[in-house]
1. Report those strands (runs of 3 or more DSSP E) wholly inside region 12-70 carrying at least 2 residues which are open to solvent by 20 Å² or more (accessible area, probe 1.4 Å) and either of a type in the set (A, V, I, L, M) or touching a Leu at 6+ places or on another chain (Cβ under 6 Å) (or both).
2. Please work out if Ala40 is more than 19 Å from Gly133 (Cβ to Cβ) and at pLDDT below 90.
Amino acid sequence: ANIGHCASAPESAVHELTSRDIVLPRGRAGYRLKFSHSFATEAGYDGGTLMIRVNAGRWQRIAFEDFLFNPYNAILRSQARNNNGPMRGVAGWTSTAGGWGTSIVSLDRLAGPGDEIRLRFLFGKDGCNGGQGWYVDDVEVYACADCNDDGLPDDLNVEFTHISPALRRVGFGAPAS
């Protein structure tokens, strides 16, 4: 929400949404993570990032190069640029206008058949101003070329609905197969 006062009553925080354990079945390869999300935040100051934990190991941020489609669209502003939020300087998604888009992550470098993963969506906000927040929906982990039997590789079933003029497109580039 658009609350808090940056100097006298800051509302800085990190909110998280953590999945249950997800076991990647053996006998398959090429696991993907696909999810829909929407942002309406104070662009550049508030934003979200994605983390993964494999086999109860340490949490690690999903790297830009692991995205097949719609990677992080910005580095959140630093403290030197007046961001007092706990995620300042972190790569993430941020935007003012809202709208829904899809992101796809290749898990090939991170986890494989038989591994147990957990996902964590982290949303950081600075001390004042704001918007509606970050909405995440339709989270899927899959390892089939055409899970929905529509005749197209699932990596190509991407919906894109949002442009952030203050930064750059959310959902840029072509899906990779």
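The values are calculated or read from the model by the stated rules, or taken from the named source; none is laboratory data. Keep in mind it's a predicted model, so treat the numbers as computed, not measured. Cβ coordinates were reconstructed from backbone atoms using ideal geometry, including for glycine residues, and neighbour counts include every protein chain displayed. Just the protein is used for accessible areas: all its heavy atoms, side chains included, with ligands, DNA and RNA removed. Shrake-Rupley method; radii C 1.70, N 1.55, O 1.52, S 1.80 Å.
1. Details: elements: 13-18, 32-40, 47-54, 67-69.
Once the strands (runs of 3 or more DSSP E) in region 12-70 are filtered for at least 2 residues that are open to solvent by 20 Å² or more (accessible area, probe 1.4 Å) and either of a type in the set (A, V, I, L, M) or touching a Leu at 6+ places or on another chain (Cβ under 6 Å) (or both), what remains is 13-18, 47-54.
2. Details: more than 19 Å from Gly133 (Cβ to Cβ): no; at pLDDT below 90: yes.
Spelling it out, it is not the case that Ala40 is more than 19 Å from Gly133 (Cβ to Cβ) and at pLDDT below 90.
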